[in-house]
Amino acid sequence: MREKKVVDYLQEHFSEWQKKGYIPDSQIYSGYNTDQPIRERGWKFWHQLFNPRQLVVLGLLNKYIALFSKNKRETTIGLLGLNNVANRFSKLSIWDTGAEKGAQTFSNQALNTLNNYACRSSFNMYVLWRFALNSTPIQSDAVIKLCDAQYTDCNCEYWITDPPYADAVNYHELSEYFLAWDKPLIKKAFPDWYTDSKRVLAIKGTGAEFNKSMVEVYRNLAAHMPYNGMQIVMFTHQDTKVWAELSMILWSAGLQVTAAWCIATETESGGLKQGNYVKGTVLMVLRKRTSTEIVFEDDLYEEVRDAVQEQIESMRDLDEIENPDFNDGDYLLAAYVSALKVLTSYAEIEGLDVQYELEKARDNAGNSPVTEIINSARKEAYDYLVPDGISTADWSKLTAEERFYIKGLSMELNGVHTLAAFQELARGFAVSEYTDLMGSIKSNAVRLKLPTEFKMNHVNDPGFGETLLRHVLAAIYQSANKDNVQEGCSYLRSHYAANNQYWALRNRIVALLEFMSKVRGNANVAHWDNVAEYIYMLKEAVRNDSL
Ligand SMILES: C[S@@+](CC[C@H](N)C(=O)[O-])C[C@H]1O[C@@H](n2cnc3c(N)ncnc32)[C@H](O)[C@@H]1O
């Protein structure tokens, strides 16, 4: 009966409310995200994403804000409240079974159509309407202008930008969900603003199209700042190809990275496309480039290596004094920025055609020389990221595969079992055949191969088969297989018999076994339980071994 009242009320007011803009009247235009409701439900208009009760409640809110707000401040607060309600008050708000309430439409950055959506009661909508704003008074005579950054003609000493990350989020499409509701209130509060998403102007896509627009933006902003002005660019990405593009974009715009800060942002942001899009964010400080120096590619590698070392050491010092708790990801981002600092400081890199590189599609199989330089920065950073319990001297003697295995085990000890983490690690150490070292690559149950799975396979084969770690793993296997650590000990003795190598290597062998002994009693690596005791006893046996 009540729902009939709602439907009747809506029918009565529908045309008038659409005309006045209290409920959406606009069409859903085709796009990457906006195609989803069209394709999955045949919805062609924004109002179709809401049921009659939702349309009535949101329409009444909109109407009364428009009629009763007395000034710009009240209209703006009303607008924010309306949008907050609209976010949890649509056919795209899923019923959150843990929390037993309707979730956000944008719990991920997509327009997902649902079978089990929730329609809140007015009581439950009230908490959304009365949301707490973190408000801070701003004393300023700032002017807010809506415009395309490629064509702004304002002069500023500081430009702060948070650019879109290629095609990660389609802001221009997703904002249309709210703009469908907001028109009368925006017109009332900000009569000079436009009320559509200006899709055509949005920087989007990947490859040449994205790069070209980004260069235009940064060139234009640089042209509108004084010689001693600054820009702050926020950026986040794990892919070195994207960092290479960014460095060429900033470089082409005549800018130079002079400093950078890492900050933690919405680390577990849901709904981003697959890939390593958001982890931490880097704030880069840029100035106009003044140098006219030309550099040779080979010299750059050396300079980047030094810059990465310096950066990581300074972060380490800070870590010890201030305890900011940097993790591997922070060190990596810092390494990329160090590379950017060096790259953008030169007027020209001998033999590099930046224009050509920026026009190449990102998914092009080959790497640009700049990507190679940034890859080398990443590798340098990884060389520095010595796991706890391994000395720097021992770490420096390990091959890339051995480092992958040891660092991978340290991730497992900390409960990290995702494929993305191991893939990133493999990229970091440039280990292409890392799957040979894996026992499982099942999602979220990813783990390294155990000594008892390696058995004696491929021992002495070129590559990992020849390494000290491989022989230590073989010795653990021998100990477990024969239930006697003396078997493992004599395996190592006989393998390294020539020139008394065993005795020279003994401390390193003990160090590796000591590190691996950490698996004992660690619930994150319970799958090591059957060999954990042998590792510990083998370590003691080798340590106490004598002629
Ligand atoms: C990463 S988001 C910024 C998010 C923002 N800092 C925040 O915290 O809400 C990138 C923004 O750049 C905007 N954008 C895309 N192309 C643009 C252009 N040509 N000029 C100005 N802004 C643009 C997008 O609409 C999007 O809002």
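The values are calculated or read from the model by the stated rules, or taken from the named source; none is laboratory data. Just so you know, these numbers come straight off a predicted model, no measurement behind them. FYI the Cβ positions are ideal-geometry reconstructions off the backbone, even for glycines, and counts take in every protein chain you see.
Could you tell me whether A335 is under 20 Å from K241 (Cβ atoms), of a type outside the set (V, I, T) and at pLDDT 85 or above? Quick ask: steps written out before the conclusion?
Values: under 20 Å from K241 (Cβ atoms): yes; of a type outside the set (V, I, T): yes; at pLDDT 85 or above: yes.
The answer is yes for A335.
If you check every pair at least six apart or on different chains, which have Cβ atoms under 7 Å apart with a residue in segment 110-132 that is among the aromatic types (F, W, Y) first and a residue that is part of a loop (DSSP other than H, G, I, E, B) second?
Y117/K91; Y117/L92; Y117/S93
Have a look at G366, G351, G329 and point out the one that is surrounded by fewer than 15 Cβ atoms within 10 Å (Cβ to Cβ) and within 15 Å of D239 (Cα to Cα).
Values: G351 fails: within 15 Å of D239 (Cα to Cα); G329 fails: surrounded by fewer than 15 Cβ atoms within 10 Å (Cβ to Cβ).
The conditions single out G366.
Does M456 fit the bill of being touching a helix residue (DSSP H, G or I) at 6+ places or on another chain (Cβ under 7 Å), within 23 Å of D436 (Cβ to Cβ) and surrounded by fewer than 15 Cβ atoms within 10 Å (Cβ to Cβ)? Please lay out each step first, then the result.
Numbers: touching a helix residue (DSSP H, G or I) at 6+ places or on another chain (Cβ under 7 Å): yes; within 23 Å of D436 (Cβ to Cβ): yes; surrounded by fewer than 15 Cβ atoms within 10 Å (Cβ to Cβ): yes.
Judged against the criteria, M456 is a match.
Quick check on segment 134-150: of everything there that is touching a residue at least 12 places away in the same chain (Cβ under 8 Å) and more than 30 Å from Y22 (Cα to Cα), which residue is farthest from the ligand (Cβ to nearest atom)?
Out of the qualifying residues, it is Q150.
Could you check segment 387-446 and list, in sequence order, the residues that are more than 22 Å from K518 (Cα to Cα), surrounded by fewer than 18 Cβ atoms within 10 Å (Cβ to Cβ) and of a type in the set (G, A, S)?
A420, A430, S432, S443 - these are the residues of segment 387-446 that are more than 22 Å from K518 (Cα to Cα), surrounded by fewer than 18 Cβ atoms within 10 Å (Cβ to Cβ) and of a type in the set (G, A, S).
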